[in-house]
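The values are calculated or read from the model by the stated rules, or taken from the named source; none is laboratory data. These numbers come from a predicted model, not from an experiment. Neighbour counts run over all protein chains shown; Cβ positions are idealised from the backbone, glycine included. In case anyone asks, the SASA skips ligands and DNA or RNA and just uses the protein heavy atoms, side chains included. Shrake-Rupley method; radii C 1.70, N 1.55, O 1.52, S 1.80 Å.
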Amino acid sequence: MSEIDWEKYWEELKSKLSPYRKIAWEPQTQEQVTEISDSKFCGMPLLTAEGWPECGNCNEPMQLFVQLNSKDLPEASNTPFGDGILQVFYCANENSSCEADCDTWAANSKATLLRILPLNTPAQTEVTLIPSSDYPELKITGWEELEDYPDTFELEELGVELSEDEEDFLCEDEAPFSGEKLLGWPHWVQGIEYQSCKICNKQMQFIFQIDSSGNIPYMFGDSGCAHISQCTEHKEQLAMAWACC
Ligand SMILES: [Zn+2]
Ligand SMILES: [Zn+2]
């Protein structure tokens, strides 16, 4: 028996999945000091007059996980969340158990904050309170375009019939891409978990993925993967949820 040419196998499978192909962008990063409004992982966020956002449970300042400035996104992504600076704060305070106490795996936790600040928000430069966790600041310096495909759960929902071999192949992490990315298909860990808007109840749009121990030295449960989504109509409605094995 001849050996399977996996490259060819994947090319053939990709052509079968081509109706569901989406472009995703993987952030390219560099450890360096950034400007206040730059796109970044961790470090110093753009702050309003209220100062550094505090956790609703332990009242300590929350860690900035990611800040995305719509001006820095790839042009072809068409400003997916609108114009502004998207920020995700998460309580990573090691002296409290906010992750467990506040169900941070689910949307609308007291220990997370997601918001979009207008591009012209005046920067608050006098900051007295900063988080105790000392995560390295990574500037997002560019984006690498990726072809992304749905996972086997979503393909089943979409009515695509896969052979066992094809399913196994996809489950080997070929698709969807599992690291940090803008748009594309979510890398679900426990099955499809799109969030619904609190106002209109419609399915929210997946915007950004944060994986465990990637650009952020943080583990969501046991190597979980987090997804940030937004209602296409109620743009202020943002949600982050994560799942792990
Ligand atoms: Zn907390
Ligand atoms: Zn809505």
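Scanning the stretch 90-124 for residues that are under 14 Å from residue 63 (Cα atoms), at pLDDT below 95 and open to solvent by 50 Å² or more (accessible area, probe 1.4 Å) yields 94, 95, 99.
Each row is one residue, and each column tells you yes or no for (1) of a type in the set (Lys, Arg); (2) over 25 Å from residue 103 (Cα atoms); (3) out of contact with any helix residue (DSSP H, G or I) (no Cβ under 7 Å at 6 or more places or on another chain); (4) in contact (Cβ under 8 Å) with a residue 40 or more places away in the chain.
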residue: 5; (1), (2), (3), (4): no, yes, yes, no
residue: 15; (1), (2), (3), (4): no, yes, yes, no
residue: 24; (1), (2), (3), (4): no, yes, yes, yes
residue: 32; (1), (2), (3), (4): no, yes, yes, yes
residue: 40; (1), (2), (3), (4): yes, yes, yes, yes
residue: 43; (1), (2), (3), (4): no, no, yes, yes
residue: 61; (1), (2), (3), (4): no, no, yes, yes
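Considering the stretch 217-226, the residues that are open to solvent by less than 20 Å² (accessible area, probe 1.4 Å) and either closer than 13 Å to residue 87 by Cα or more than 11 Å from the chain's Cα centre (by Cα) (or both) include one that is farthest from ligand 1 (Cβ to nearest atom), namely 224.
Restricting the stretch 190-211 to residues that are in a loop (DSSP other than H, G, I, E, B) and crowded, with 19+ Cβ neighbours inside 10 Å, which is farthest from the chain's Cα centre (by Cα)? Step through it out loud before you land on a result.
Of all residues in the stretch 190-211, those in a loop (DSSP other than H, G, I, E, B) come to 190-195, 197-202, 204.
If we keep only those that are crowded, with 19+ Cβ neighbours inside 10 Å as well, we get 195, 197, 204.
Working: 195: 13, 197: 17, 204: 13 Å.
If we take residues in the stretch 190-211 being in a loop (DSSP other than H, G, I, E, B) and crowded, with 19+ Cβ neighbours inside 10 Å, then 197 is farthest from the chain's Cα centre (by Cα).
Number of residues in the stretch 125-161 that are open to solvent by less than 40 Å² (accessible area, probe 1.4 Å), aliphatic (A, V, I, L, M) and in a loop (DSSP other than H, G, I, E, B) equals 1. Among the residues of the stretch 83-97, is any more than 16 Å from ligand 2 (Cβ to nearest atom), closer than 17 Å to residue 221 by Cβ, part of a strand (DSSP E or B) and of a type in the set (Phe, Trp, Tyr)? Within the stretch 83-97 (the criterion being more than 16 Å from ligand 2 (Cβ to nearest atom), closer than 17 Å to residue 221 by Cβ, part of a strand (DSSP E or B) and of a type in the set (Phe, Trp, Tyr)), the answer is yes, since at least one residue qualifies. Among residues of the stretch 184-200 that are over 27 Å from residue 171 (Cβ atoms) and of a type outside the set (A, V, I, L, M, F, W, C), those with a Cβ under 9 angstrom from a residue that is within 16 Å of ligand 1 (Cβ to nearest atom) and in a loop (DSSP other than H, G, I, E, B), sequence gap 6+ or separate chain, pair up as 198/108.
Take the conditions (1) over 15 Å from the mean Cα position of the chain (by Cα); (2) modelled with pLDDT of 95 or more; (3) crowded, with 19+ Cβ neighbours inside 10 Å; (4) outside any strand (DSSP E or B); residue 71 misses just one of them, which is (3). So, in the stretch 49-69, of the ones that are in contact with a strand residue (DSSP E or B) (Cβ under 7 Å, 6 or more places away or on another chain) and polar (S, T, N, Q), which residue ends up farthest from residue 215 (Cα to Cα)? Here the answer is 69. Contact map, the stretch 205-219: residues that are under 17 Å from residue 39 (Cβ atoms) paired with residues that are among the polar types (S, T, N, Q) and assigned to a strand (DSSP E or B), Cβ distance under 7 Å, separation 6+ or inter-chain. Pairs shown: 207/229; 207/230; 215/29. Taking residue 152 as the residue in question, decide whether it is at pLDDT below 95 and of a type in the set (Val, Ile, Thr). Criteria met by residue 152.
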